[in-house]
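Asks: If you scroll down you'll find the structure; I have some questions about it.
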Amino acid sequence: MDKDVGIGNFELHEEVSELDLMLLPTQDLVKCETEPVVSEAAATRRFSAPMSDSDLQEKILKAIPKKTKNNNKWALGVWIAWTLERNLCKETFADGGASIPSDQNCLSNELLNYWMAHFIQECRRMDSSPYPPNSLVQIASGIQRYLRTDCNRNDINFFQKDSVPFSFFRKCLDSRMKELTNNGIGTNVKRADPK
């Protein structure tokens, strides 16, 4: 080639064969700029700024309704009160057993299944009267939500019928609910009079 031929911003000053182009390192074909080119359209962001894991966790916790948080706190309070009283009983330590931790997150699924079964059979109101069946389900649900949201134990599912890890607990809850219903506890549901 006798005259300069422009390719983009590059100019060829000599004749180049196809073989020369194939032997040319590809990095030499890329024009590098030191400053990124940002157009005006790209300056306005389509997506929000990147979020950290703690920011995401905070958003998840803020989305939980206040009443649900209070229910979880109540259920956890019942568990803690039961563990404190149960740990004073010699039956807790039978067969070389250890004390029941107040924090359920310390328990494996096997131990959680075992102690939740005892808890659901033994828990009572502050006046020693039994909880109605629906309240027992609410307590278990509150504890499950606490373990899932606050302790990140998403494998916990007390109520899944085919779930083997908590089958003993479900059987104990079911038997306790039937016992209470047969005794007439929780059968009189308070409802507003329809007019």
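Asks: Would you check if GLU110 is under 16 Å from the mean Cα position of the chain (by Cα) and acidic (Asp, Glu)?
Replies: Numbers: under 16 Å from the mean Cα position of the chain (by Cα): no; acidic (Asp, Glu): yes.
So GLU110 does not fit the description; no.
Asks: Next up: Quick check on my filter: what residues within region 143-195 are outside any helix (DSSP H, G or I), acidic (Asp, Glu) and either modelled with pLDDT of 95 or more or within 21 Å of the chain's Cα centre (by Cα) (or both)?
Replies: ASP150, ASP155, ASP162 - these are the residues of region 143-195 that are outside any helix (DSSP H, G or I), acidic (Asp, Glu) and either modelled with pLDDT of 95 or more or within 21 Å of the chain's Cα centre (by Cα) (or both).
Asks: Report every pair of residues separated by at least 6 positions or lying on different chains whose Cβ atoms are under 6 Å apart, first residue within region 168-194 and farther than 10 Å from PRO132 by Cα and open to solvent by 50 Å² or more (accessible area, probe 1.4 Å), second in a helix (DSSP H, G or I) and modelled with pLDDT of 85 or more.
Replies: From residues that are farther than 10 Å from PRO132 by Cα and open to solvent by 50 Å² or more (accessible area, probe 1.4 Å), the pairs are PHE168/ASN113; PHE168/ALA117.
Residues checked against (1) open to solvent by less than 40 Å² (accessible area, probe 1.4 Å); (2) more than 13 Å from ARG86 (Cα to Cα); (3) in a helix (DSSP H, G or I):
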{"site": "ILE100", "(1), (2), (3)": "yes, no, no"}
{"site": "ASN105", "(1), (2), (3)": "no, yes, yes"}
{"site": "GLU110", "(1), (2), (3)": "no, yes, yes"}
{"site": "ASN113", "(1), (2), (3)": "yes, yes, yes"}
{"site": "MET116", "(1), (2), (3)": "yes, no, yes"}
{"site": "ILE120", "(1), (2), (3)": "yes, no, yes"}
{"site": "ASP127", "(1), (2), (3)": "no, yes, no"}
{"site": "ASN134", "(1), (2), (3)": "no, yes, yes"}
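Asks: In region 70-90, what residues are crowded, with 16+ Cβ neighbours inside 10 Å and under 21 Å from the mean Cα position of the chain (by Cα)?
Replies: Quick first cut of region 70-90, residues crowded, with 16+ Cβ neighbours inside 10 Å only: 71-72, 75-76, 78-79, 82-83, 86.
Hits for region 70-90 are ASN71, ASN72, ALA75, LEU76, TRP79.
The values are calculated or read from the model by the stated rules, or taken from the named source; none is laboratory data. Just so it is clear, the structure is predicted and the values come from calculations on it, not from any experiment. Don't worry about glycine lacking a Cβ; one is built from the backbone with ideal geometry, like all the others, and counts go over all protein chains shown. Each accessible area value is taken on the protein alone, full model and side chains, heavy atoms only, with ligands, DNA and RNA left out. Shrake-Rupley method; radii C 1.70, N 1.55, O 1.52, S 1.80 Å.
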